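The values are calculated or read from the model by the stated rules, or taken from the named source; none is laboratory data. Just so you know, these numbers come straight off a predicted model, no measurement behind them. Neighbour counts run over all protein chains shown; Cβ positions are idealised from the backbone, glycine included. When the accessible area is computed, the model is the full protein with side chains, heavy atoms only, and any ligands, DNA or RNA have been set aside. Shrake-Rupley method; radii C 1.70, N 1.55, O 1.52, S 1.80 Å.
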Amino acid sequence: MTTDQSGKAGGGKAGGGKAEATGTANTGKTDAGPEAGTADEAADKGDAPAKGGDGADAAAEKAASADEKAASADENTTGTAGDEPADPWSAFGPAPEPVLGRARRSVRAVGRFLVHEWTLAALAALALAAAMTWPTLRYPRHTLPQDYWDPSLQAWQMAWSGHILRTDPAMLWHANTFYPENWSFAFSDTLLGYAPAGLIGVGPEHAVLRYNIMFVLAHALAAFGAYVLARQLGAGRIGGAVAGASFAYAPWLLAQAGHLHILSNGGIPLALAMLARGHGWSLRYGYRPRRRHAGWAFAGWLVAAWQLSLGFGIGLPFAYMLAGTGVVAVVLWFVRRRRVKRPFGRRLFLADVFGGLAFAAVGAALAVPYFKVAELHPNAERTLGDIGLYSPPVSGFFTAPAESRVWGGLHEGARAVLPWHPEMTLLPGFVLYALAAGGLFFSVWRVRHRIFLLAGVLVTMALAMGTRFFGGRFTYVPLFDYLPGWSGLRTPGRMMLWATLLLGLLAAGAVTAFCMRVRELAAERVPPWPGPWLRLATLLPLALVIVEGLNATPQPVVPRQPAAMRTVDGPMLVLPSSQNLDQPVMLWSTDRFQPMVNGGSGFTPRSQARIREATVSFPDYASVDYLRQIGVKNVVVLRDELTGTPWEGMLDRPVDTPGVTREQVGEAVVFRL
């Protein structure tokens, strides 16, 4: 009997050794189990007391010792009762998941983030933007895309917003230009949403560098936003990429390379994607209540408000589109309220309410200065005659700008017959036209959705024609007459932005359906893997869209800042002065932001026109007296810019006015009044 017990004990030890060799976490329990069983057997044996008291005492002590060992082993074992033996089969089970430390969890989270679709899409958008806008980043401190007039103005705008927010935010709308006018920052679209970038760096070189960086980032955001929108609506990855590339690099946008406020449109599709995601809605799959997310909806409203802060040129139509969509959503809810219970949910409803209020508050706050400018400067208001000058004919939708590398030279004759071709060459891309046309017949979108998208394309194209479409009586003119702020929009052709986005969605539906068909064909192969030609065929539409968006945009060198701009105090006047000449002068003032008469915008204030007229005879007594009356203390004359202007020859005139001194500062002549 002793032999049996020892055999059992030996078996238990062997089992324990086996468990240790296996490497399970229950090693202690495996070792203690047989020993506890042996003690119980020793206590229960009937012949143990017959051996005498000493034997009984020894057996009792042995049993107590075994019980203590078993109890100690059970205390060190988790998840098992102390009096239960170990499961012998646990030695053959899988090892438990290791408990990761904080560092390893962080590394895994970062890894998941880096390989996430949105991260990869953002990185691809940045790389594509750097390549498609090249050579913008070749000499980013010294060159500007297309020309140095409007880009200089917009570089100054970002610099001014950052400077004034850092020094005196209350004076935001009263810029240093157009002296002595107030509200001068609202004479053009402000790009106020880029103010955080304006906080970094001082001076013209930093302003030019900042502009070029934001120029590239604007293209990246446009491609990323359209990609995200197409994916949210139900397009595949390649289809979404086609939508993103066609929206950001449409040939007609190459003519807008000098208008950063038009190129900064990526917030529109991104906000729409977030709002659709928050409401659980997809074009392909319809309304899915379980996918609602109030946070995404609220974030969409904030992105929309940021987009509006970049300018009303494209922000105002976006605002009216959101308002119209909201009205349609409310009407549909009212009609279907009995069939669909609580289609929003309380949290989503509150997100829409507060998000919509935030968007409206930003719009109202930004609109106040512009209404003030319209009140003080009636000549800033557009007329239908002005709209007619910029309204393109139908041929404009098939004509590319000169900046298009593929079509620019071929369409030179077509551009020559357009009255104002920079705003009338509206080709979104022949490849995009073809893909969108195919999407009307072969697509993942439902037929009614294709019809809605086509209707949107036609309506926005009719609006883009301004007064050219039957005089605009049923399209553009009612908006001009009745929608607040619409009369401030000068160029109807920029409505092509919406047509391009809708064409891209039609194309994304067709490309997605094509890719699905390729996968079906690949599944029939052995092994089921698409061949190289099939894989190449799925990428061909994307490649063609990208090639058609290649640019031949000039990159002129920005005129060097005169040394006098770094030393002369304001209020000052720089001569010669005109719309184009004043825009680089605004950029030169980003060192000190001294008050100055000079400034360029979409209109010329009457006070500025009077000053230019009065100083043609400078430095005679009448002109000096007039400048003194309005507070101008210094006049800087750029010697190299006088030829061909009304001020040519002014430096040859004598200075007979008392109190006026003349000084040569570098290449400029400074008159101190």
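So the values come out like this:
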| item | result |
| --- | --- |
| Accessible surface, segment 399-453, averaged per residue in Å² (probe 1.4 Å) | 50 |
| Solvent-accessible surface (1.4 angstrom probe) belonging to residue 630, in square angstrom, nearest 10 | 40 |
| Range of Cα positions in segment 399-486 per principal axis (Å), largest first | 41, 39, 22 |
| Segment 182-275 - percent of accessible surface contributed by carbon and sulfur, probe 1.4 Å | 69 |
| Potential lengthening between residue 379 and residue 170 on full extension [0.36 nm per residue; Cα-Cα distance subtracted] | 72.6 nm |
| Nitroxide proxy distance, nm - points 7 Å out along Cα→Cβ at residue 458 and residue 109 | 5.2 |
| Exposure ranking of 372, 633 by accessible area [1.4 Å probe, largest first] | 633, 372 |
| Apportionment of accessible area to carbon and sulfur, segment 485-569, percent (1.4 Å) | 69 |
| Residue-span extension gain [residue 410 to residue 434] - 0.36 nm each, minus C-alpha spacing | 6.7 nm |
| With all protein chains modelled, accessible area of residue 370 [1.4 Å, Å²] | 50 |
| Label-point separation, residue 293 to residue 335 (7 Å along Cα→Cβ), nm | 3.0 |
| Residue 603 accessible area, 1.4 Å probe, all protein chains in place, Å² to nearest 10 | 20 |
| Simple label model, 7 Å out from Cα along Cβ direction - residue 567 to residue 285, nm | 6.8 |
| Stretchable slack from residue 609 to residue 386, in nm (0.36 nm times residue separation minus alpha-carbon distance) | 78.3 nm |
| Rh (Kirkwood; distinct C-alpha pairs) - segment 305-396, Å | 16.5 |
| Residue-normalised accessible area of segment 588-665, expressed per residue, 1.4 Å probe, Å² | 48 |
| Accessible area of segment 121-238 divided out per residue, in Å², using a probe of 1.4 angstrom | 36 |
